[in-house]
4 protein chains.
Amino acid sequence: MIIVLKAKATQKEIDSVTEKIKKMGLKTHVSKGTDRTIIGAIGDEGLLKEAQLKAMPIVDKVMPIMKPYKLVSREFKKENTVIKVGDVKIGTNQVIIMAGPCAVESKEQIIESAKAIKKSGAHILRGGAFKPRTSPYSFQGMGEEGLKLLAKARDATGLPVITEVMDTAEVPIVADYADIIQVGTRNMQNFNLLRAVGKINKPVMLKRGMSATLKEFLMAAEYIMSEGNHNVILCERGIRTFCNYTRNTLDLNIVPVLKKETHLPIIVDTSHGTGRYDLVNPMSKASIACGADGLMIEMHPKPEEATSDGDQSLTPKSFSKLMGELKLITNAVGRTL
Amino acid sequence: MIIVLKAKATQKEIDSVTEKIKKMGLKTHVSKGTDRTIIGAIGDEGLLKEAQLKAMPIVDKVMPIMKPYKLVSREFKKENTVIKVGDVKIGTNQVIIMAGPCAVESKEQIIESAKAIKKSGAHILRGGAFKPRTSPYSFQGMGEEGLKLLAKARDATGLPVITEVMDTAEVPIVADYADIIQVGTRNMQNFNLLRAVGKINKPVMLKRGMSATLKEFLMAAEYIMSEGNHNVILCERGIRTFCNYTRNTLDLNIVPVLKKETHLPIIVDTSHGTGRYDLVNPMSKASIACGADGLMIEMHPKPEEATSDGDQSLTPKSFSKLMGELKLITNAVGRTL
Amino acid sequence: MIIVLKAKATQKEIDSVTEKIKKMGLKTHVSKGTDRTIIGAIGDEGLLKEAQLKAMPIVDKVMPIMKPYKLVSREFKKENTVIKVGDVKIGTNQVIIMAGPCAVESKEQIIESAKAIKKSGAHILRGGAFKPRTSPYSFQGMGEEGLKLLAKARDATGLPVITEVMDTAEVPIVADYADIIQVGTRNMQNFNLLRAVGKINKPVMLKRGMSATLKEFLMAAEYIMSEGNHNVILCERGIRTFCNYTRNTLDLNIVPVLKKETHLPIIVDTSHGTGRYDLVNPMSKASIACGADGLMIEMHPKPEEATSDGDQSLTPKSFSKLMGELKLITNAVGRTL
Amino acid sequence: MIIVLKAKATQKEIDSVTEKIKKMGLKTHVSKGTDRTIIGAIGDEGLLKEAQLKAMPIVDKVMPIMKPYKLVSREFKKENTVIKVGDVKIGTNQVIIMAGPCAVESKEQIIESAKAIKKSGAHILRGGAFKPRTSPYSFQGMGEEGLKLLAKARDATGLPVITEVMDTAEVPIVADYADIIQVGTRNMQNFNLLRAVGKINKPVMLKRGMSATLKEFLMAAEYIMSEGNHNVILCERGIRTFCNYTRNTLDLNIVPVLKKETHLPIIVDTSHGTGRYDLVNPMSKASIACGADGLMIEMHPKPEEATSDGDQSLTPKSFSKLMGELKLITNAVGRTL
C-alpha cells in the first residue's frame, strides 16, 4: 500500500503515519520527493484495511497495490476451474448453453421448453420458480411447485437445471431441487445469501450486479468461496448506463478481463443483458468470440404468452437457428459446442 | 397504455393486438396516423402488465401512461406522512438529524457518540450492528452484542436508534432493539427482506440502491407498504456514475422530485453519499436547501480509529459546528431544526 | 406525437392544447381514458418540435412517435450504403480493417507502419496529424507535416489514409491529403464542424461521443448528410460508464442496433474502445461476430516508444496474428476479410 | 509518479524501467515489497507523460502523484480569482445571477427579458445567438442579428451580456458583442476553440462536458489559461447518468470540490442541469447552500412560446419569487446577492 501525504508534511506528521502502519505489523519505506512525501507499507496489506489512514488529515491519497481478493484470483489458482453438473462440465474447451423460459409457468410449458432446447443441443435448463420482480403486484413465480416442475423436466430430458434462490431461508429447498443455484443481480451483494450458498455443496452461478465494478463482482464470489464452496460460476448480464436502446448495456469487455483475473468460468446472459430478443443472436456470437465459457438464453415456446420477459425470449425455431450459427463461431475460436 | 405499431400494420395485425387487450378487460381506441397506427388501452393498466405486448412482432413500442406505484404516490395520499419515533416526528416542518458512528464498536464509543450528538441537537442515533462489507475479510459488525449496546446508548440519552437489518432471518431480533429499521442500499431490491419488514410494526428507512431509478426506488417502498407497514422513510445516499472524486454521486435532484411524487419523508445520507468528510458540511446544507426532511450523518468520537468508513466521519467538534450552520439554512427555507 | 395531460384536465385546458397543435398544421385525436386525457397529434411531427408543449402547465408528458432522423434511417434507404475509397469498399460483405499508429511521428514510423499493416492484410492506414489531447502540455501532433507524411505512406503502399480533423478552419487542408476524414469523439456534437465536413466531397468517419445516445449519434450523422455529403461511416469507440478496468466501455450492443436503424456502415475502434492492448484481440473478434463492417486498430512498430496511446497499441507481430484469427471469424459469420 | 511492476520482475526488467525514467530526467527510488517491486519517479512528473511506461509488458500500474493541471490549481494561486465584467464582480462574497432566455428570438423578447431580470435583481443577461441543437432541422439561433439584439438589451438596461460561441471562426464576432463568452458543454473538449478563446481579452465561461471528469474539466480550463486568458469561469450544468427523471443529473458535489481544487469561480446552471422548470427553484437554493459563486437561470417572458427549452424556463413571476428566496439562502451562508 502506498500512502501519499499532503504537500509540506512535517517530520512529526510523517512519523504519525509510519507509526500507525508499524503498529499494524508492516514495515514502512519513506520516500521524500520534490513535492510530496510518499510512504510505502511493506507486508500484508490486508492488515491495513481497518487502519483508517485516509481519515488522518495529513494523508492525501491511499493507493492499494495488492488485489483485495485471493481465492478467486488467477494468481491463487492458475488452471481453470471446471465445474461438473451431472455429465456437463463448465469451464472446459466446450461452450455450455443454458436455456429455457424466464419463469416456470406450467408442467407443459417447462417440459416442452426442456425438450426443445435439448433437441437444439443446449446443455442445461433454466427456469425461475422464485422470481425477483420490480413490482409487488407482478407474478412472483410458482415457488416450490415450480421447483417440482423443473425436477420433472429434468427427469423427462436428463438436462440438469439451474434456478434462482432469493433468500437465505429458501436455500435448503432450492438446493434440494436444483443442480445449479443462481444468485441474481439484485442479490449480488446480499452478503448473508452469499455466505449461505457458500456453505452448501452445489455449484452456484453468481450474476453481476447492475452497477458492480470488477472488484465488487469478484469480492462477492470471494464471499461464497471463503465459506468453502469453490464451485462458483460468474455471469455477466448487463450493467446500468445512460444507454436506453437496450434494457441493460451488456458489458462484454469484462469477459476477457475476467479470464485473466480469475480461474472461474464465465457465462454471458444475452437475454437479460440486452432485454431485446432481436439482439440475442448477434450478442451471443460476440460473447463466444471474446471468450465466454457459456451462454444463458431465454427461450419460451410461446413468447407472447410468457408471464415475464417475453420480449427478450427466443422462440424454439430462432433458438435452434442460433445454435447452428454458434457452432460456426465456437469452431472459429477453437472450441466446441 | 399506448401501443405504437410498426409501419404498415395490416388490419389483421391491428385486430390481433386489440383483441389481446380486450381479453385483459380493457377497452381500446385505435388511431391511424399518417405513418403509424396507435392503439390506446383504456382501463386498469395494471391488468396489461403480463400481456407481453412487446413480444408481438407487429408492436414497435409500448408506452405506459399510469405510474406503476400506488400506495407511495402523492396521488393516493395528498398530505405528508409523519412518522413518530418516540417524541421525534419525521416528515413535519422540523428537519430531523440522525447521527452516529458507521459501526458500533464498544460501549464507550457508542455512548460517547450518543451524548455528543445529543448535545449538538441531533434527534436520532445511528450505528451499525450488522455491517454489509464488500470484503468477507473485513469487520462484519458486532451483531446482537452491537444491538444491545445501541439500546444502552438509548437508555443513557433518550435518543431513538436506527440500525440496519441484512436478512429476513434477522428481522425479529433487529426489530426487538431498534426504533427504526434500515434497509441498506445493496438490499433495496432484496424483495423477501422488503416483504419481511413490511410485516412488522416499526418504521423502516429504505436506502436507495446505487443504480436505482426513481421508479425502482418507489416500487421498493411499495413492496413494504403493500404488506401493511406504511411507516416508510426514503433515503438518498448517492448513485453510481463515472465520477470518481466522490465515492458516490449524491443525487440531490431526486429530493424535490420525491417530494412531488410521494407523501413519504426524504432523508439524505451525506456521509455515504459523498464518501468524504470534507463534503458532508456543504452537501448537508444543500440537502436541506432543496427540501430534504432530514439528514443522516456519520460522526465518530475518533474517526481515525473507526473500524469502518472513518474517512467519511465528522468529529464531534465539526459535527457541532455543522449543526449550528444548519440552523441558519433551516430558517432560510422556513423550517426548524 | 402523443400528449398526455395531467389528471383532471378541464375541457378548456384540453382545448388550449389541441388548438396549439392545430395551429402548427397537424390534426388532433382526443382520447379520454379512465384517469387521463391523451391527445394524439396526427401529421408531420417535425412541425411540433418548437411548440413547447411541455412548458404548458396542464401537459404531463410528450411522447414522440416518429424518429427525429430521416436521411440516416433504414426506412429512408433500405439497402446498405457502400462507400468507395480507392479500391476499397466499406459497407459490403467484406470486413474492412483500418490500422496504424495513434499519431504520425516520423517518416520512418508511418511508412514502416503502413508496410506492416499492408503485409498483414489491412485495407486502410490510420494516423493522427492533428491530435486532440486532454492536456495542453501533451504532444499535439505534427499538423500539416504529419498530413504530408501520411500521403507519402499512401504513395509507398497504395493504402488509402484516414486522419482526424478538429476544426472547421482545417477542413480544406485535411481534405486535401486524406482519403477519409475522421471527426473525433469530442467533436461529435461540434455542429459547425459537422456542417463543414458535410459540404466536402470526401467520406467522413464520425466517432460516437463518449456519452452519446443512439439518437444523438444518428442526429450528428444527419447533420453531415443534410449538407449533401452522404458518405458517412459510423464508428463505435466506447462510452463512459462507472467501469474502470477499461478506459472506456466498448458498447457492442449498438452494432446490431445500428445495422437495423441505419443503412450506414459501422466500424468499431477496439483500441480506444478498451484502452488496453490485451483486449484488442478478443473485442475485435466480438465486434465482427455481432455484425461490424470493419475495425479500427492501433498498431505501432514500437508501442513503448509511441508519443501517444502506446498502451493500447498492438505490435506488428500481434497485429498479424490477430488478422489471421479474424479471418476465421469473418468466415464463421459468412463474410470475407 | 509511482510505477508498480508485475509480480516476479527480474532485476533486468526493473533496470529497463528505471533507465527509461532516468532518461527522461527524473530520479528513481526502488522499493522491493513482499510481493511487488515499486518504483518511485522523483522529479517533474510532466516529463514522464510521453514515456509510455504502461506499454512495457512488465509494468502493472502507473499511478500519478501530481495533478496534471497547474494554472487552474489552488496550489498555484491561493486567493480566489475575481472576474470583473463592467460593474459586476464574479468570484467575491456576492452571489451573481445570470438569467434570460435560452435563445434570442426578437428585439421585444430580449429587451423584455432583460428588464424583467434586472427588476428582480439579476446581474447578467444570458441569451443564445448561435445555438447548438441536436437536430439540424431545429432553430439554430439568429446569429449575428441575435448578437446585435443582445447589445441593444445591454444598452437598454446596463446589464452585461453572456452568449455562446461555437466555432473558432466566430470568436471575433462574438467577442465584439459579448461581455462574457460561453463555451458550451458539447465543446468543452473542442481544443481549437479553447485555444482561440484563450487568446482573446474577454472573460470565458466554460461549461462542463456531459461526461467530463473533474480532471478533464480542469484541463479544459487549463487550455484556455495556457494561452494567456486567465479570466475563466467554470459552470456545472449536469452530467449524463442512468437517471431519466431529469434531463441531466445536476452534480452539486463538484461545487465544493472545485472550490478546493481551483481558484476559479463556479457557476451552476440549474435550468440545463435539471431540464425541468419545477426543479430550478430548489436546486438553485441548494447550489448556493453548497458554495456556488453564482447561478445561470433560464427565464422567458412566455415560456410556452419559446423557440427552445421552454420547458425548463421560469416565468418573470416565478423568477422574481426565486430571487427573493435566494436572498435568504445567501444570508444563511454569509454571502450577499
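With respect to D:VAL95, is the statement that it is within 14 Å of another protein chain (Cβ to nearest Cβ), under 19 Å from D:PHE319 (Cα atoms) and under 22 Å from the mean Cα position of the chain (by Cα) true?
Taking the combined requirement at face value, the residue satisfies it.
In the list A:ARG154, A:ARG195, which residue meets the criterion of being modelled with pLDDT of 95 or more, more than 30 Å from B:LEU48 (Cβ to Cβ) and more than 22 Å from the chain's Cα centre (by Cα)?
Answer to the check: A:ARG154.
For segment C:278-308, give me each residue that is in a helix (DSSP H, G or I) and in contact (Cβ under 8 Å) with a residue 60 or more places away in the chain.
Of everything in segment C:278-308, just one residue is in a helix (DSSP H, G or I) and in contact (Cβ under 8 Å) with a residue 60 or more places away in the chain, namely C:ILE288.
From the list C:ARG208, C:ARG247, which residue is modelled with pLDDT of 95 or more and either basic (Lys, Arg) or under 28 Å from D:VAL62 (Cβ atoms) (or both)?
C:ARG208
State whether the residues of segment C:49-72 include one that is outside any loop (DSSP other than H, G, I, E, B), in contact with a strand residue (DSSP E or B) (Cβ under 9 Å, 6 or more places away or on another chain), without any contact (Cβ under 8 Å) to a residue 24 or more places away in the chain and not assigned by TED's automatic domain parsing to the domain that holds C:GLY198.
For segment C:49-72, residues outside any loop (DSSP other than H, G, I, E, B), in contact with a strand residue (DSSP E or B) (Cβ under 9 Å, 6 or more places away or on another chain), without any contact (Cβ under 8 Å) to a residue 24 or more places away in the chain and not assigned by TED's automatic domain parsing to the domain that holds C:GLY198: present.
Quick one: how many residues across segment C:252-280 are closer than 13 Å to C:LEU314 by Cβ, in contact with a helix residue (DSSP H, G or I) (Cβ under 6 Å, 6 or more places away or on another chain) and within 8 Å of another protein chain (Cβ to nearest Cβ)?
Looking only at that region, the number is 3.
Could you run through segment C:309-337 and say how many residues are assigned to a helix (DSSP H, G or I), away from chain D (no Cβ under 14 Å) and polar (S, T, N, Q)?
Number satisfying all stated conditions: 3.
Is it true that some residue in segment A:222-245 is under 29 Å from B:MET219 (Cβ atoms), in a loop (DSSP other than H, G, I, E, B) and hydroxyl-bearing (Ser, Thr, Tyr)?
yes
Mind telling me which of the residues C:VAL174, C:VAL165, C:VAL232 ends up being over 30 Å from C:ASP278 (Cβ atoms) and under 12 Å from the mean Cα position of the chain (by Cα)?
C:VAL232
What's the total number of residues in segment A:73-84 that are among the polar types (S, T, N, Q) and either without any contact (Cβ under 8 Å) to a residue 40 or more places away in the chain or not in a strand (DSSP E or B) (or both)?
2
Could you list, in sequence order, the residues of segment D:251-277 that are in contact with a Pro (Cβ under 8 Å, 6 or more places away or on another chain) and at pLDDT below 95?
Once the filter is applied, which keeps residues that are in contact with a Pro (Cβ under 8 Å, 6 or more places away or on another chain) and at pLDDT below 95, segment D:251-277 yields only D:TYR277.
Does C:LEU147 satisfy the criteria of being more than 15 Å from C:THR307 (Cβ to Cβ), part of a helix (DSSP H, G or I) and either among the aliphatic types (A, V, I, L, M) or modelled with pLDDT under 95 (or both)?
Spelling it out, C:LEU147 is indeed more than 15 Å from C:THR307 (Cβ to Cβ), part of a helix (DSSP H, G or I) and either among the aliphatic types (A, V, I, L, M) or modelled with pLDDT under 95 (or both).
What are the residues in segment D:160-177 that are in contact with a helix residue (DSSP H, G or I) (Cβ under 7 Å, 6 or more places away or on another chain) and either within 12 Å of chain C (Cβ to nearest Cβ) or of a type outside the set (Phe, Trp, Tyr) (or both), if any?
The answer is D:PRO160, D:VAL161, D:THR163, D:VAL165, D:MET166, D:ASP167, D:THR168, D:ALA169, D:VAL171, D:ILE173, D:VAL174.
Of the residues D:THR315, D:THR307, D:THR336, only one is surrounded by fewer than 20 Cβ atoms within 10 Å (Cβ to Cβ), touching a strand residue (DSSP E or B) at 6+ places or on another chain (Cβ under 6 Å) and hydroxyl-bearing (Ser, Thr, Tyr); which?
D:THR336
Out of A:SER31, A:SER106, I need the residue that is surrounded by fewer than 20 Cβ atoms within 10 Å (Cβ to Cβ), over 30 Å from A:LEU264 (Cβ atoms) and modelled with pLDDT of 85 or more. Which one?
Step by step, each of A:SER31, A:SER106 is checked, and only A:SER106 is surrounded by fewer than 20 Cβ atoms within 10 Å (Cβ to Cβ), over 30 Å from A:LEU264 (Cβ atoms) and modelled with pLDDT of 85 or more.
Residue by residue through segment C:197-209, note down the ones that are at the interface with another protein chain (Cβ under 10 Å from one of its Cβ atoms) and either surrounded by fewer than 23 Cβ atoms within 10 Å (Cβ to Cβ) or assigned to a strand (DSSP E or B) (or both).
Within segment C:197-209, C:GLY198 is the sole residue that qualifies.
Just checking, which of A:THR241, A:THR249 is within 12 Å of chain B (Cβ to nearest Cβ), in contact with a Gly (Cβ under 7 Å, 6 or more places away or on another chain) and within 19 Å of C:ASN253 (Cα to Cα)?
Exactly one of A:THR241, A:THR249 is within 12 Å of chain B (Cβ to nearest Cβ), in contact with a Gly (Cβ under 7 Å, 6 or more places away or on another chain) and within 19 Å of C:ASN253 (Cα to Cα), namely A:THR249.
Being among the polar types (S, T, N, Q) and under 29 Å from D:GLN94 (Cα atoms) narrows it down to one residue among D:ASN201, D:ASN190; which is it?
Testing whether each residue is among the polar types (S, T, N, Q) and under 29 Å from D:GLN94 (Cα atoms) leaves just D:ASN201.
In segment B:300-337, what count of residues is obtained for those that are over 24 Å from D:MET283 (Cα atoms), among the aliphatic types (A, V, I, L, M) and under 23 Å from the mean Cα position of the chain (by Cα)?
Number of matching residues: 1.
Looking at D:ILE65, D:ILE97, D:ILE90, D:ILE83, which one is within 18 Å of D:MET299 (Cα to Cα) and aliphatic (A, V, I, L, M)?
Only one candidate passes the filter, namely D:ILE97.
Quick one: in segment D:8-20, of everything that is without any contact (Cβ under 8 Å) to a residue 40 or more places away in the chain and assigned to a loop (DSSP other than H, G, I, E, B), which residue is farthest from the chain's Cα centre (by Cα)?
In this case the residue turns out to be D:THR10.
Within segment C:127-147, track down each residue that is over 22 Å from D:GLU222 (Cβ atoms) and buried (at least 17 other Cβ atoms within 10 Å of the Cβ).
C:GLY127, C:ALA129, C:MET142, C:GLY146, C:LEU147
Does segment A:175-195 contain any residue that is out of contact with any Leu (no Cβ under 8 Å at 6 or more places or on another chain) and more than 23 Å from A:GLU236 (Cα to Cα)?
no
When you scan segment A:34-46, how many residues do you find that are farther than 17 Å from A:GLU13 by Cα and either at the interface with chain D (Cβ under 7 Å from one of its Cβ atoms) or at pLDDT 85 or above (or both)?
3
Quickly run through segment B:83-124 and pick out the residues that are closer than 15 Å to B:LEU147 by Cβ and of a type in the set (A, V, I, L, M, F, W, C).
The answer is B:ALA103, B:VAL104, B:ILE110, B:ILE111, B:ALA114.
Could you tell me whether any residue of segment A:175-196 is assigned to a loop (DSSP other than H, G, I, E, B), touching a residue at least 40 places away in the same chain (Cβ under 8 Å) and within 17 Å of A:VAL72 (Cα to Cα)?
The answer is no; no qualifying residue exists.
Consider B:ALA41 against the criteria (1) surrounded by fewer than 18 Cβ atoms within 10 Å (Cβ to Cβ); (2) not in a helix (DSSP H, G or I): it satisfies all of them except one. Which criterion is unmet?
All conditions pass for B:ALA41, except number (1).
Starting from residues that are of a type in the set (A, V, I, L, M, F, W, C) and within 14 Å of chain D (Cβ to nearest Cβ), keep the ones in segment C:281-308 and report whichever is farthest from C:GLN94 (Cα to Cα).
Restricting to residues being of a type in the set (A, V, I, L, M, F, W, C) and within 14 Å of chain D (Cβ to nearest Cβ), the top hit is C:ALA306.
The values are calculated or read from the model by the stated rules, or taken from the named source; none is laboratory data. Everything numeric here is computed off the predicted structure, so don't read it as measured data. FYI the Cβ positions are ideal-geometry reconstructions off the backbone, even for glycines, and counts take in every protein chain you see.
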